[in-house]
1. Out of (1) within 13 Å of ligand 1 (Cβ to nearest atom); (2) under 19 Å from C:Ala205 (Cβ atoms); (3) more than 14 Å from chain B (Cβ to nearest Cβ), what's the single condition that is false for C:Phe27?
2. Can you go through C:Phe65, C:Phe87 and tell me which one is more than 11 Å from chain B (Cβ to nearest Cβ), touching a helix residue (DSSP H, G or I) at 6+ places or on another chain (Cβ under 8 Å) and in contact (Cβ under 8 Å) with a residue 12 or more places away in the chain?
3. Kindly establish whether C:Phe93 is within 14 Å of chain B (Cβ to nearest Cβ), in contact (Cβ under 8 Å) with a residue 24 or more places away in the chain and more than 16 Å from ligand 2 (Cβ to nearest atom).
4. Name the single residue, out of those in the range B:108-139 being open to solvent by 80 Å² or more (accessible area, probe 1.4 Å) and not β-branched (Val, Ile, Thr), that is nearest to the other protein chains (Cβ to nearest Cβ).
5. Given (1) within 17 Å of the chain's Cα centre (by Cα); (2) away from ligand 1 (no atom under 16 Å from the Cβ); (3) of a type in the set (A, V, I, L, M), where does C:Ile89 come up short, assuming only one miss?
6. I'm checking my understanding of the structure. Among residues of the range C:151-177 that are surrounded by fewer than 23 Cβ atoms within 10 Å (Cβ to Cβ) and part of a helix (DSSP H, G or I), which one is nearest to ligand 2 (Cβ to nearest atom)?
7. C:Ser50: small (Gly, Ala, Ser) and open to solvent by 20 Å² or more (accessible area, probe 1.4 Å), yes or no?
8. C:Asp134 passes all but one of (1) surrounded by fewer than 17 Cβ atoms within 10 Å (Cβ to Cβ); (2) part of a helix (DSSP H, G or I); which number fails?
Amino acid sequence: MEFGPHLILAVLEGLVQASVLTLTALGLSLVFGVMRVVNVAHGEFFMLGAVFAYWVASWMGGPAAIGFVAALIIAPVLAGLLAVACDWLILRRLDYDPERTIVATIGMLYVIQQVTLMTYGPDAHPVTPPFNHRLAIPWFEFTENGFEFYYPWGLSTTSYKLFVIFAAMVARMGIWLLMAKSKLGLILRATQLDGETAQAFGIPVERVYAFVFGLGAALAAVGAVLIVPIQQAHYLMGHDPLLLSFIVVIIGGLGSLRGTVVAAILIGMSNGVISVFFTPTLAKILATLLVAFVLVYRPQGLFGAKPA
Amino acid sequence: MLHLGLIAALVLLQFILPAYHHGNLARIMVLSVFAMGYNIMFGYAGLLSLGHAMFFTAGMYGMGLSVRLWDIPVGPAFVIGIFAAAALSLVVGLLALRTIGVAFMIVTLMFSQAVFLTILYFNPITRGDEGFVIAQQVRQIAGLDLSNPTTRYFAALILFAICLLAVLWLVRSRAGRVLIAIRENEERARLLGYDTWAHKLAAVVMSGTMAGAAGAAYGVLFGSVGASFAEVPFSILPLLYVLLGGPGTVIGPFVGTLFMFYLRDLSSSLTDAHMLVAGVVLILLTLFARRGIMGIVRERWLKWLP
Amino acid sequence: MAAMMLLSTRKLSRHFGGLRAVENVDFDLPEGQIRALIGPNGAGKTTFVSMLCGRIPVSSGDITFAGENVTRLPAHKRIQRGMAYTFQITSVFSDLTVQENVALAVQSRLERGAVLAGEVAKALAKVGLQDRADQIAGDLAYGHQRLLEIAMGLGQSPRLLILDEPTQGLSDGEVNDFIALIKDVAKDTTILLIEHNIDVVMALADKITVMNFGEVIAEGTPQEIHENATVQTAYLGG
Ligand SMILES: Nc1ncnc2c1ncn2[C@@H]1O[C@H](COP(=O)(O)OP(=O)(O)OP(=O)(O)O)[C@@H](O)[C@H]1O
Ligand SMILES: [Mg+2]
């Protein structure tokens, strides 16, 4: 097959990856930005989103679309509520001390993962996509008649994948509206700037933190629900999203939402593109080293401005 | 005194314990060397690493690959393993110590992940996930068969004793006190005239080297070398052992390893979700017992405990 | 100049973003003097001495200590050359005992040995903390933590002792003891003292430097400063 059509396919795959990654990474970034803590259990909330989605969809039965829509609403809410509970019962009592929080969220990671293993089991389960039309990808060539479109054999994507890209865009808009335009967003930004002052101005900081922690988890879960029809739900599936989100959040600049989105698209895309052409292991090695070196030499991220 | 007593008790136990616990204890001693190394950085210098598995595996693969690729006898291969870990910890230390706090944790995590992936990537040489076995007939030093349970026990004990005494010596030395000062208040230590950066680097290298010694010994004594030792959970284990046993205490890492090992052993009859216990213990420790077992013992009863 | 300059700065500046915390300060401190550095809150005193001891890097300018340009030296090297700095905001090792705190200060210049314990005891006795040697530093009352901070400075036996508001939080009796102590220490140590308590300044200082908005606005004997109109307006907020 030619290089050109292959590239289009890679870009589309990359966009799907990037879409889900932006949501997951935004969740992590939001939590770090507002609360100044790193949630190592973030990937597990992603996994929970997928597992809940499977449960909701199989419990609803009926047409795939209804199960899916129900899952898209219920799974993130459940994951978010669970995160709120974790925050209230554990992190709040640690005073959000950065180091102790990391250790505690490592503990949460294993508890969530292992409990899922014990209940949901070690197998992967699919969720049926609400719709899934095959869409052939057009390509063009030069013939004696000039420019001609044709559909190379075997090169196609699905309507569902396009939907994922679109849905993630909507969710990103939602977050942007929330942060930039709403009163809640104002409260979040105030808390982010200075928790103590915010408290002094009567903002219930503890509740804001719990909400943010829940929102972060819910965002990851939304990403997961979107991806289960393509990827299947499995109790270990949180690992890669966690790692990738870390990479994205660090490269985008810790706590910068805009940087996160840019980095997520870049990395999600290149991850998709690279894995079509290179071995994924090599790509991952380079990515992890990149993150380490960014933290060492450019802690404000690749896109952040140098701090004064 | 206490520490010599512990070593003596471990010598005695060799003759008393039934085979099952005897085998466990050999493993626990090797793992607590790993934890003791971790404790130098975390418990004394206050540096929380999330990537110690890389030093353990550097020792393990440094040893294992020397045997596998070049047929070097396990004795010298063990030394090569230790040097490999020392070299890696020096490089990682030089880079990672430019960061502090959460960034330091993530940098160590990422380097460790890169080591793990590198092992997978060079699958033809390292046999990746599957790992490889160090054949029983080559696991010998000076004619002693290290796969024999008694020799193995004593080999583990000797390594354990050396490391325990080394840590004890370190803690009582001037450098050890400076490490504690750095943990408590780095800026103040610097403004008392201490080169805190050099001390931290030394702590990382000692810590990584000891972890590497544990890794190399694990490979020699138990015969298996594998990429799973480089995975994230294996970096969390020493943190767990040290937190449980008591960070900044000399025998804490051993106590923590011992408890955790048997806790896991007990729970495995109930469930095969091994890491569940680890997770619960981590959460409970951060919530209710930051100083760990020996830390509490020191606070309540034995103020002098190093 | 007759006496040798122990410490000099030339055009020393430090900016925080747009804020000029210290601006073009030329400063000379001869060996053996007690110099007081005064100025309203936020004048840049702490920032200035922090640059001297290397706690924060300079934005521009030069620092010379004992004839050597130390501007680029890391803090611990400057301390090893004979500076000591006590923090305005108490900064002791709060989980260690009082004795261990001072031992860490003494130890940095001594090789190990029996001298250590003696030196620690001497430093503690000078500030009157000898009875609390085994207490955990974090458990001490605030005033006692201030004294411990001073004892750590003394324990280093520096050539230049920089004290940042040492009497803040001390009782009147303790302040009098402090004045006596510094007079004694000053026999073989040069002292740079940041102080808000004007009685302490008048009792101790050979010479006074006044800072405001990051610049030196006056320098002279206590008498001269007392009569200086610019200083009066700076303090009255003119
Ligand atoms: N790390 C910093 N970042 C930004 N601004 C700072 C920093 N440290 C000090 N400043 C600012 O620099 C100015 C000088 O501060 P400095 O602490 O040197 O004053 P000071 O004379 O010691 O005051 P005080 O008498 O209150 O101790 C102040 O406006 C302060 O807010
Ligand atoms: Mg000040």
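The values are calculated or read from the model by the stated rules, or taken from the named source; none is laboratory data. Predicted model only: the values in this text are computed from it and were never measured. So basically every Cβ, Gly included, is an ideal-geometry build from the backbone, and we count neighbours across all protein chains shown. Protein only, heavy atoms only, side chains kept; ligands, DNA and RNA dropped before computing areas. Shrake-Rupley method; radii C 1.70, N 1.55, O 1.52, S 1.80 Å.
1. (1)
2. Selected residue: C:Phe65, the only one of C:Phe65, C:Phe87 that is more than 11 Å from chain B (Cβ to nearest Cβ), touching a helix residue (DSSP H, G or I) at 6+ places or on another chain (Cβ under 8 Å) and in contact (Cβ under 8 Å) with a residue 12 or more places away in the chain.
3. Yes; evaluated as a whole, the condition is true for this residue.
4. B:Tyr121
5. (2)
6. Top of the filtered list is C:Val175.
7. No, not satisfied.
8. Unmet for C:Asp134, out of (1) surrounded by fewer than 17 Cβ atoms within 10 Å (Cβ to Cβ); (2) part of a helix (DSSP H, G or I): (2).
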